[in-house]
1. For the chain, compute Rh as the Kirkwood radius over C-alpha pairs and then the Stokes-Einstein diffusion coefficient at 10 °C and 1.306 mPa s; write the answer in µm²/s, rounded to an integer.
2. Suppose only helical runs count, i.e. DSSP H with n ≥ 4. What mean residue ellipticity at 222 nm does that imply for the chain under -39500 (n - 2.57) per run, divided by all residues and rounded to the nearest 500 deg cm²/dmol?
3. Would you order C200, C75 from fewest to most other beta-carbon atoms within 10 Å of each residue's own beta-carbon?
4. Residue by residue through segment 134-143, which ³J(HN,Hα) values in whole Hz follow from phi under the Karplus form 6.51 cos²θ - 1.76 cosθ + 1.60 (θ = phi - 60°), with glycine and proline marked x?
5. Please work out, to two decimal places, the log10 of the ratio I(q)/I(0) at q = 0.18 Å⁻¹ from a Debye calculation in which every Cα of segment 1-133 carries one identical scatterer.
6. Starting with the fewest neighbours, write out L373, L359, L11 ranked by other beta-carbon atoms found within 10 Å of each beta-carbon.
7. Would segment 238-378 count as rounded, prolate or oblate if I go by the C-alpha gyration tensor, calling it rounded below 1.5 in a/c and otherwise prolate when a/b exceeds b/c, oblate otherwise?
8. List the aspartates and glutamates whose alpha-carbon lies under 20 Å from that of K255, not counting same-chain residues fewer than 8 positions away?
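The numbers here are math on the coordinates, done by the rules we state, and not lab data. Every value quoted in this text rests on a predicted model; they were computed, and no experiment measured them. Here the Cβ positions follow ideal geometry from the backbone for every residue, glycine too, while neighbour counts run over all protein chains shown.
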Amino acid sequence: VNNFKIIESTLREGEQFANAFFDTETKIKIATALSDFGVEYIELTSPVASQQSREDCEAICKLGLKSKILTHVRCTMEDAKIACDTGVDGVDLVIGTSSFLREHSHGKDMLAIEKAAIEVIEYVKSRGVEVRFSSEDSFRSDLVDLLQLYRAVDRIGVNRVGVADTVGCATPRQVYDLVRTLRGVVSCDIEIHLHNDTGCAIANAHAALEAGATHIDTSVLGIGERNGITSLGGLMARMMVGSREYVMSRYKLHKIKEIEDMVADAVQINIPFNNPITGFCAFTHKAGIHAKAILANPSTYEILKPEDYGLNRYVHFASRLTGWNAIKSRVEQLGLSMTDAQVKEVTAKIKQMADIRPLAIDDTDSIIRSFHLELQQK
Ligand code: HCA
Ligand code: CU
């Protein structure tokens with residue numbers, strides 16, 4: 001996969017996260033950071049949602065960021081007019097197409113949906129603004145209905161059609177199949193939006209790209225409705241493995257930690273310990289066998305390189321699983337000198353102690369230091 005674009009939705013989907021409240025200043029900070037990072041698009045909450053949402057959308061449009069600014073609205077003329085008036089570069093239109101949403105949300109049948117879609121799309125285009133049309137809950141919609149609708153909107157001309165796994169039910173194979181089928185039906189770009197209810201959001205994004213999707217929706221740390229969507233950092237990690245050159249040419253990866261910290265702080269959460277790239281132990285190696293190999297050549301047990309993200313590798317040395325190679329490296333870091341035999345001896349002491357109680361780094365360092373002192377006093 002050597003060409004995809006990011007539609008960063010922290011300031012739209014992410015605002016639907018339970019803890020999110022972004023004031024104007026925070027929105028501007030996040031939008032600016034995302035633009036500097038290199039995302040191609042930033043999607044903002046509908047200006048119809050509230051007066052402040054509308055003013056914030058206008059303010060962000062005026063910043064002159066590198067990223068294109070989008071807003072996300074229902075597929076109605078009223079919403080589309082207000083969206084175009086804010087000064088955005090593009091409007092993302094959405095309407096529910098599954099029977100759940102048709103019956104319990106807006107009450108329109110497929111014919112009425114198609115008619116509304118065409119009218120609103122023509123209007124947005126007439127305003128000289130980019131337009132995307134997306135069907136909410138695509139994976140629980142009737143496939144024939146869905147393809148017919150996408151074909152109709154593609155025929156009149158849209159920049160993108162969007163597929164949304166609104167409830168997070170899709171598997172990578174289902175995503176691949178739907179996007180592949182759609183690729184054969186429309187000629188416009190294909191965007192995908194994937195919720196993470198069953199932990200598939202990153203894998204599904206990858207499957208979508210393999211099938212020909214061109215645009216992936218993300219949010220920082222994956223925040224969004226319920227447990228959220230594909231995370232920006234997780235997508236970067238996934239794509240770095242197979243598309244390193246492309247990813248490095250577009251995105252400033254060493255900014256990822258700063259952006260995640262900023263958003264985590266704004267919504268008052270911690271970075272999860274197992275977060276790709278920035279989880280506190282993402283580049284920590286513990287078992288003696290791992291540590292030895294890592295010290296010799298990091299690629300043995302690392303598919304991502306911490307230095308690509310401005311981060312450091314950490315070789316754990318304060319446990320009963322430690323081996324003498326890790327201790328040797330720590331001894332060097334502490335500026336001490338010992339023979340290999342001596343390192344092995346102090347390693348045995350550390351392991352003995354670690355069998356009795358958990359060791360902190362400080363504890364372990366002082367075992368090493370006092371052993372070193374004894375050696376000198378001999
Ligand atoms: C939602 C809407 C949406 C829209 C996705 C899209 C979804 O239910 O809040 O515009 O492609 O998940 O369906 O976020
Ligand atoms: Cu969503």
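1. Values: Rh = 23.0 Å.
The estimated diffusion coefficient comes to 69 µm²/s.
2. On the way: 14 runs with 169 residues, N = 378.
Calculated from helices alone, the mean residue ellipticity at 222 nm is -14000 deg cm²/dmol.
3. Details: C200 21, C75 25.
Taking fewest neighbouring Cβ atoms as first place, the list is C200, C75.
4. 3J(HN,Hα) across segment 134-143, in whole Hz: 10, 9, 5, 6, 4, 6, 10, 9, 5, 4.
5. Debye curve over Cα of segment 1-133, log10 I(q)/I(0) at q = 0.18 Å⁻¹: -1.00.
6. On the way: L373 11, L359 20, L11 30.
The most exposed by this proxy come first: L373, L359, L11.
7. Numbers: a/c = 2.70, a/b = 1.98, b/c = 1.36.
The shape class here is prolate.
8. E8, E25, D36, E40, E43, D217, E245, D265, E307, D308
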